[in-house]
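Student: Structure below; questions to follow.
The values are calculated or read from the model by the stated rules, or taken from the named source; none is laboratory data. Only a predicted model underlies this, so the values are computations on that prediction, with no experimental measurement involved. No Cβ is skipped: glycine too gets one built from the backbone with ideal geometry, and neighbour counts run over all protein chains shown.
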Amino acid sequence: MDELTWTPITVRLSALDFWERNPKRLTKAQAKRLADSTDRLGRAGVLLVGPQDARGHYPLYDGHQRANIWRTLYGADAEVHALQSNRELSEDERLSISVLTVTAVGSLDFDALTGWDTDVLRDLGLGVDYKRELDDAAANIAAMLQAEEEAPDFNESVGLIGIKHQKWSMRKGIGFLSVRTFTAGIKKQEIEILKSIKRDKSILETDAIAQEISDMLRKTFISFPGFVVTAAPVHKTGFSAFLAQKVAENLGLQFVEMFFQQQDSEAKRDIFGDRPEISCTPVDKSIIWIDDTVTTGRTLEACISKIKGFSAIPIVWIYDELVQQEQ
């Protein structure tokens, strides 16, 4: 792969293609500080972009928050300075650019700042909110590292979303296994990626997800005598059933569709919307119940309540633990 070089250019803000997986976020307080600093210091800072495509657009590699603020302040037709790479960046390189522009830069020397007026420093953002941001970042890093230690052997070949954590959890009084959880700070971006996975049903990604679920089941249980595999009821994309069939193939078990919605699956507004009432065609066997995501636990509760008296192993790919913190 060619060595990366960067050339100064001028680009129109409207010609930038933002990266959907950008891991950086901006709080309201940070956005205000960025807007205020732009008023005070002008458009300090340079965007990083890639080669121009056939539409005349440039992939934006770094500077998403600045570009958003500048569009608000100056309009989409404003021209700004940027550095352009000599070739397209891979997804890993894009991530490296985003993260290293935060982690590989100098930190503040607070001893050197002690001589400055406290009000001035607070006006620059060095107050209680900044401390809270640092504390949150430290907690998220600790959680990520702990999760990585808990599950060091998973396959990353397709760059799947979320943090691996392999654990038993409880929702609505029902215990279930989960493979991953959303990543704090970039949950919204990960949800959009998950929606895309569910819509497209890519064989590569579905096989990788099914393999993670199958591996966790094998790691947790020795065998599955008398079990069949089933799924949450079809909801718009039918991804949970598609995924469950892959898991059944991996485990050498039969897939049985047991749970059904009592109204048109297209009636709800989006993939993560409320579920309607659920009906069940029971089987005289123990089940492995599969869904791609558990958020509130309503679907899990509705399904398991229909099969009292039979053994069930519920397992989901992603457990949205963050939703409890957000409520």
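Student: Out of the residues in the stretch 206-249 that are polar (S, T, N, Q) and touching a strand residue (DSSP E or B) at 6+ places or on another chain (Cβ under 7 Å), state the one that is farthest from F260 (Cα to Cα).
Tutor: Only one residue fits best here, namely T220.
Student: Report, by residue number, each residue of the stretch 94-110 that is more than 20 Å from E133 (Cα to Cα) and either touching a residue at least 40 places away in the same chain (Cβ under 8 Å) or not assigned by TED's automatic domain parsing to the domain that holds P59 (or both).
Tutor: Hits for the stretch 94-110 are R94, L95, I97.
Student: Among the residues of the stretch 53-111 satisfying the criterion of being in a strand (DSSP E or B) and among the acidic types (D, E), which is farthest from L121 (Cα to Cα)?
Tutor: E79
Every residue, every condition in (1) aromatic (F, W, Y); (2) modelled with pLDDT of 85 or more; (3) farther than 25 Å from S196 by Cβ; (4) in the same structural domain as T101 (by TED's automatic domain parsing), yes or no:
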position	(1), (2), (3), (4)
R25	no, no, no, yes
R33	no, no, yes, yes
D53	no, yes, no, yes
W70	yes, yes, yes, yes
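Student: What's the number of the condition T118 fails, among (1) more than 22 Å from Q30 (Cβ to Cβ); (2) not assigned by TED's automatic domain parsing to the domain that holds A15?
Tutor: T118 satisfies every listed condition except (1).
Student: Can I ask one more? Name the residues in the stretch 190-231 that are in a helix (DSSP H, G or I), more than 19 Å from T295 (Cβ to Cβ) and modelled with pLDDT under 90, would you?
Tutor: Passing the criteria: D200, I203, L204, E205, K219, T220.
Student: Do you know which of the residues in the stretch 269-298 that are small (G, A, S) and modelled with pLDDT of 80 or more is surrounded by the most Cβ atoms within 10 Å (Cβ to Cβ)?
Tutor: Filtering first and then ranking leaves G297.
Student: Which one of these does S90 not meet: (1) surrounded by 13 or more Cβ atoms within 10 Å (Cβ to Cβ); (2) modelled with pLDDT of 85 or more?
Tutor: (1)
Student: Given the condition in a helix (DSSP H, G or I) and of a type in the set (A, V, I, L, M), answer yes or no: does some residue in the stretch 123-136 qualify?
Tutor: Yes, the stretch 123-136 contains a residue that is in a helix (DSSP H, G or I) and of a type in the set (A, V, I, L, M).
Student: For the stretch 22-29, check the following and say yes or no: at least one residue is assigned to a helix (DSSP H, G or I) and either touching a residue at least 12 places away in the same chain (Cβ under 8 Å) or touching a Leu at 6+ places or on another chain (Cβ under 8 Å) (or both).
Tutor: Yes, the stretch 22-29 contains at least one residue that is assigned to a helix (DSSP H, G or I) and either touching a residue at least 12 places away in the same chain (Cβ under 8 Å) or touching a Leu at 6+ places or on another chain (Cβ under 8 Å) (or both).
Student: State whether the residues of the stretch 176-189 include one that is among the hydroxyl-bearing types (S, T, Y), in a helix (DSSP H, G or I) and modelled with pLDDT of 85 or more.
Tutor: No, there is no match, as no residue in the stretch 176-189 is among the hydroxyl-bearing types (S, T, Y), in a helix (DSSP H, G or I) and modelled with pLDDT of 85 or more.
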